[in-house]
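Notes to accompany the following structure.
The values are calculated or read from the model by the stated rules, or taken from the named source; none is laboratory data. Quick caveat: nothing in here was measured; it's all calculated off a predicted structure. Methodologically, a virtual Cβ is constructed for each residue, glycine included, from the backbone with ideal geometry; neighbour enumeration extends over all protein chains shown.
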Amino acid sequence: MVIYYLMVKAVPNYNNPESEKFGGAYINCWVKASTQKDAINCIKEYIVEENWTFVNIEDVSVVERSLYLDKPDSLKCYDDACEYGICATFYTWPIGECDIFA
């Protein structure tokens, strides 16, 4: 297995309490998977479990630990994905600040 980095766009579900303050998010994800398709399916399931709706994939690539040696937060996410299978960081924006479907 390898670690895939994905940046995805998502919106909070209407019944998610976060929908009252966030219009959406870019989610940086590190996923341990055998194939890109498996990584995408894994992150889609994770987003649903977090009560968000997947919109689209902005970026996906196979990554190595050495890419993050000078980026402590990303390095921790990479290491967490190695250990637990997935790590994700939500970068949200307020309602009305960004057109999610642009």
Restricting the search to segment 8-38, which residues are among the basic types (Lys, Arg) and either surrounded by 17 or more Cβ atoms within 10 Å (Cβ to Cβ) or part of a strand (DSSP E or B) (or both)?
LYS9, LYS32
Can you find even one residue in segment 42-53 that is touching an Asp or Glu at 6+ places or on another chain (Cβ under 9 Å), in contact (Cβ under 8 Å) with a residue 12 or more places away in the chain and in a strand (DSSP E or B)?
yes
When residues of segment 61-91 are filtered for being surrounded by 17 or more Cβ atoms within 10 Å (Cβ to Cβ), of a type outside the set (Gly, Ala, Ser) and either within 28 Å of GLY23 (Cα to Cα) or at pLDDT below 95 (or both), how many remain?
5
Provide a single number: the residues in segment 60-83 that are under 24 Å from PRO12 (Cα atoms) and of a type in the set (Ser, Thr, Tyr).
1
Among (1) touching a Ser or Thr at 6+ places or on another chain (Cβ under 7 Å); (2) at pLDDT below 95, the one test that PRO17 misses
(1)
Is it the case that ASP73 is closer than 28 Å to ILE95 by Cβ and in a strand (DSSP E or B)?
no
